[in-house]
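Take a look at the structure set out below.
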Amino acid sequence: MNLEPFDILLTDLPVVFCGINPSVQAGETGHNFGSASNRFWRTLHRSGFTPSLLSAADDRSILRYGFGITATATRPTRRASEVTAAELRSAADSFGRKMQYFRPKTIAFLGKPAFAALIGSAKFDWGPQPSTFVGAKAWVLPNPSGLNRAFCLDRLVQAYSVLRASTANALEAWRQRH
């Protein structure tokens, strides 16, 4: 399986966080969520996914905690809104094959656009979804980008904490095995 420079994946991870696409900075550095305004690492720490605050430069260390990172579309952009719905739909097959290969237990889509394009519908709520995606439980969480003004840090932490509680047993089992 060919991985993108920003992919941080192993087989059978309890949780894979799936962004819409990488930022230009991630495309250049190979590190995810590195913008000073991005709240991903703070949100993960405050919601209990990591025992300490990680930085983008430490992004590969998340595998030890049982989760990974990928993106639906692979083209880096300054803003996720630059990725068209058609581009997301065209990425669906390769993204689906990647997820089938790595078999995560849960895929947490960060923002609604990618998940909407993948399932062909914009009618769904935040949180756990009633159907799976390539065999994985699907969750839709708010995008932690600093450009997402609809969700303050506390609301992000609240949403991610629900996922953390839902996957606590699987994450703990992963850590004990690895």
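Scale the Cα Rg of the chain by the rule-of-thumb value 2.2 N^0.38 Å and send over the ratio, two decimals.
The value comes to 0.93.
Excluding His31 itself, calculate the net charge of residues whose Cβ lies under 14 Å from the Cβ of His31, where each Lys or Arg counts +1 and each Asp or Glu counts -1.
Net charge around His31: -4.
For the chain, with only Lys/Arg (+1) and Asp/Glu (-1) charged at the beta-carbon, what is the dipole magnitude about the Cα centre, in debye rounded to 20? Write out the running numbers ahead of the final one.
Details: 21 positive and 12 negative charges, 61 e Å.
Roughly 300 debye, rounded to the nearest 20.
Considering Cα pairs under 8 angstrom that are at least six residues apart, work out the relative contact order of the chain and quote it in whole percent. If you can, show how the numbers build up before the last one.
Numbers: 308 pairs, mean separation 53.1, N = 178.
Once normalised by length, the contact order is 30 percent.
Coordinate-derived values only; no laboratory data. Everything quoted here is computed from the prediction, not taken from an experiment. Methodologically, a virtual Cβ is constructed for each residue, glycine included, from the backbone with ideal geometry; neighbour enumeration extends over all protein chains shown.
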